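To keep things clear, I will list the structure first and then write my remarks on it.
The values are calculated or read from the model by the stated rules, or taken from the named source; none is laboratory data. Bear in mind that the values here come from a model prediction, so they are computed numbers and not experimental data. Backbone-built Cβ (ideal geometry, glycine too); neighbour counts: all protein chains shown. In case anyone asks, the SASA skips ligands and DNA or RNA and just uses the protein heavy atoms, side chains included. Shrake-Rupley method; radii C 1.70, N 1.55, O 1.52, S 1.80 Å.
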Amino acid sequence: IYFWDADGKRYYDFSSQLMNVNIGHQHPKVVKAIQDQAAKLCFAHPGMATEPRGELGELLARVTPGDLKKTFFCLGGADANENAVKLARFYTGKHKIMARYRSYHGATYGAVALTGDYRRLPVEPAMPGVVHFLDPHCYRCPFGWTRETCHRECISHVEEIIHYEGADHIAAIVMEGVTGTNGLIVPPDDYWPRLREICDKYGILLISDEVMSGWGRTGKWFAVDNWGVTPDMITTAKGLTSGYVPLGAVIVREKIASYFDDKYLYAGLTYSAHTLGCAAAVATVKVYEEDHLIENAVRVGKVLGARLEELKAKHASVGDVRYIGLFSLLELVTDRASKAPMGSAVMAEINKFLREKGLFTFIPGNLLFVVPPLCITEAQLDEGLALIDQALDIADKAVNP
Ligand code: PLP
């Protein structure tokens, strides 16, 4: 869970770099698998079968839910999402895609069009045909409800938008399994199952972007496993290789795979199923199992949740804590009643303090992420959280009296 800078200073990595180094740094088994594969075969034509590609395809079919059985391999999260859109458009013959506002799906032209947040705006009009909808964000409910008064308008308005946009025109709904960079939004328990029902009702494909929320991060292989839902496609990258070599994947249900048995899929990539990426992924998936990392995410994740609640009880600057498995954040505010976000100067001061103390994490806006590698021990977690506890004293001073 540590890395060292050029001066030899050690840091707790509380964001697993970019929420991708899930197995921790420099795992010897994955390093060796990459070395061995490089010595054996560095590259093969993407139309050819290779040993690591075949083995990885089987492993993915085993760990993904339901009849998600066949994989298209690419290079990262953005192109996984773009290829999922192409597959959905070919398969359904429809073109519109629905995605959420508080979402990030990648930086390339098509993926950033799916993205709902501010990163889409500078490149618009990007990929046409994307329709955005609102999020199941209970702390800042876009419909103005509270948890007590909620009647799931976040679900019913999706159906209303489908009526206006035309079910016959909508190919797919794309959602992050659990929203990551846009504020770690864990949906209510009935959200994914009811979105599955809506998609089935209108003949719309359901795509779960598990680039960040997959690979044990939420205490399950994939976030959708928390709600027993089988999406029509899972897109993933990051934890697939734990970042050791770039690799992305679109895993599809059998009905979609078999549709292309006698049709050409125009989705060629020179580096599709790169042997080094596949070898790294095979070794990484085995590490999740052999090192019991997902079980650890559940066990230490419970401790993390309890500790975050304690920090919220102790510090007036903590407006909300959100967590599932080892995927969590603290949302800092200057006033709990109005939920006014903590200002950037204070957040920068917190970041500086934590870096000085040797803790690195992701601090966008008024959010402080706690997303450590899944191999973290309870003791290491407590050491890191003790530093965050101290840092929150800085934020408390900025709370309105
Ligand atoms: N989807 C999600 C949910 C992500 O968090 C990210 C990256 O952070 C992406 C897609 C894009 O992945 P990549 O940077 O590998 O293209």
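Residues of segment 324-341 include at least one that is in a loop (DSSP other than H, G, I, E, B) and touching a Phe, Trp or Tyr at 6+ places or on another chain (Cβ under 9 Å). One residue alone among Val174, Val186 is out of contact with any Leu (no Cβ under 7 Å at 6 or more places or on another chain) and within 16 Å of the ligand (Cβ to nearest atom), and that residue is Val186.
Of all residues in segment 199-227, those being under 21 Å from Asp168 (Cβ atoms) and either open to solvent by less than 10 Å² (accessible area, probe 1.4 Å) or within 13 Å of the ligand (Cβ to nearest atom) (or both) number 5. When we screen Thr181, Thr230 for residues that are surrounded by fewer than 24 Cβ atoms within 10 Å (Cβ to Cβ), at negative phi and more than 13 Å from the ligand (Cβ to nearest atom), the only hit is Thr230. Listed by first and then second residue, the pairs with beta-carbon distance under 6 Å, at least 6 apart or on different chains, first residue in segment 199-222 and more than 17 Å from Lys86 (Cβ to Cβ), second assigned to a loop (DSSP other than H, G, I, E, B) and open to solvent by 10 Å² or more (accessible area, probe 1.4 Å), are Arg217/Gly325; Thr218/Gly325; Gly219/Gly325. Would you check if there is a residue in segment 253-270 being under 26 Å from His95 (Cα atoms), open to solvent by 10 Å² or more (accessible area, probe 1.4 Å), away from the ligand (no atom under 15 Å from the Cβ) and part of a strand (DSSP E or B)? The answer is yes, given that some residue of segment 253-270 is under 26 Å from His95 (Cα atoms), open to solvent by 10 Å² or more (accessible area, probe 1.4 Å), away from the ligand (no atom under 15 Å from the Cβ) and part of a strand (DSSP E or B). So, Phe43, is that one within 16 Å of the ligand (Cβ to nearest atom), touching a residue at least 12 places away in the same chain (Cβ under 8 Å) and not in a helix (DSSP H, G or I) or not? In short, no. For segment 363-370, does any single residue satisfy the condition of being more than 23 Å from Trp215 (Cα to Cα) and open to solvent by 50 Å² or more (accessible area, probe 1.4 Å)? Yes. If the condition is being of a type outside the set (A, V, I, L, M, F, W, C), assigned to a helix (DSSP H, G or I) and in contact (Cβ under 8 Å) with a residue 40 or more places away in the chain, then segment 300-323 contributes Gly301, Arg307, Lys314.
Evaluate segment 131-138: report whether one residue or more is aliphatic (A, V, I, L, M) and within 22 Å of Ile198 (Cβ to Cβ). Checking segment 131-138: at least one residue is aliphatic (A, V, I, L, M) and within 22 Å of Ile198 (Cβ to Cβ). Within segment 122-173, restricting attention to residues that are surrounded by 15 or more Cβ atoms within 10 Å (Cβ to Cβ) and of a type in the set (Asp, Glu), the residue that is farthest from Met233 (Cα to Cα) is Glu153. Residues in segment 12-26 that are more than 16 Å from the ligand (Cβ to nearest atom) and open to solvent by 30 Å² or more (accessible area, probe 1.4 Å) were compared, and the one that is farthest from Leu184 (Cα to Cα) is Gln26. Counting only residues that are surrounded by fewer than 23 Cβ atoms within 10 Å (Cβ to Cβ) and touching a Phe, Trp or Tyr at 6+ places or on another chain (Cβ under 8 Å), segment 55-97 holds 6 of them.
Highlighted here are the helices (runs of 4 or more DSSP H) found entirely within segment 48-130 that include at least 1 residues which are more than 16 Å from the ligand (Cβ to nearest atom): 51-63, 77-92. Annotation note: Cβ proximity below 6 Å between a residue of segment 106-117 that is of a type in the set (Ser, Thr, Tyr) and a residue that is open to solvent by less than 10 Å² (accessible area, probe 1.4 Å) and near the ligand (Cβ under 7 Å from one of its atoms) (sequence gap 6+ or interchain) occurs for Thr115/His105.
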